[in-house]
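Notes for the one structure printed next.
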Amino acid sequence: MTDLQSNLRHNLEEDSRGLGAASGVRFVRTRMDTDFTRQQWNTMPYTLASALAGRTCGFNCNSPLYVIDTARADELWAANRGATPAVADTAAQFGNTYTVDEDVSAVYGQLQWRAANWLLAGGLRYERTRVSSTGWQRTNATWGPVSATASYSNVLPSLAGFYETGARSKLRFGLSQTMGRPRPDQVAFRGSVLNTSASPNTLTRSNPELKPRRSDNLDIGHEWVLDGGRSLVAVA
């Protein structure tokens, strides 16, 4: 992951009064590479019964759990592995091998006014997200490389503040819009299957163009400091 950012602040300290401001830019790049390999031995000449050590009660005794003798299982595996051909699980390998690149560019600005007993701060943040993914697609019985790219932008405003209603009490509020991006594995191009022999043709795939979740938030609360600053009661 790469994270580059620069921020400027003016008159935003705890004891600052009057107008304060802040601005900044940020660039975050996240890359995920997944390479999956699996082999199966489907014709081993032994079964679970060959390495069974006994049974015990599970959730109840009508649903027993089988206990495997691990030493015996290792012996059977070592004795038969060389004579049994391995089969590559190509569907799992191609379906779970992929890359995802996510680039997030952001810029924000904030203004704040702080008086003796109140504060008001508002800001605006612009974010542009670009996602690209490569993977594999099975067309009928043949696997081939595929890729996809998607992008979206969001403008996220916010407004927050407080008012001291007494020497040890304070009213707080906040208004904002926020977003939550899909995880990289949720937008990865993987497990795609195209069937051109069906009528109509069918395509099953993941969704690299999945958009983020958005929320509108309103928070308001009141808090009281008690017992010389050692206790706090808050309602929100």
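The values are calculated or read from the model by the stated rules, or taken from the named source; none is laboratory data. Just so we're clear, the structure is a prediction, and the values are computed from it rather than from any experiment. Ligands, DNA and RNA are excluded from the accessible area calculation, which covers all protein heavy atoms including side chains. Shrake-Rupley method; radii C 1.70, N 1.55, O 1.52, S 1.80 Å.
Summary of computed values
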| item | result |
| --- | --- |
| Accessible area per residue, Å², the chain with all protein chains present, probe 1.4 Å | 65 |
| The chain, accessible surface, carbon-and-sulfur percent (1.4 angstrom probe) | 54 |
| Whole-Å semi-axes of the stretch 78-236's equivalent ellipsoid (Cα gyration tensor) | 54, 22, 13 |
| For the chain, built as a Gaussian network whose Cα springs stay under 10 Å, the top-fluctuating residue of Gly54, Gly174, Gly95 | Gly54 |
| Rounded to 10°, Cα long-axis angle of helix 70-80 versus longest principal axis of the chain | 50 |
| The chain: most fluctuating residue of Ala106, Ala83, Ala71 per GNM, C-alpha cutoff 10 Å | Ala71 |
| Stretch gain in nm, segment Ala73-Arg183, where the contour uses 0.36 nm per residue and the Cα spacing is subtracted | 35.7 nm |
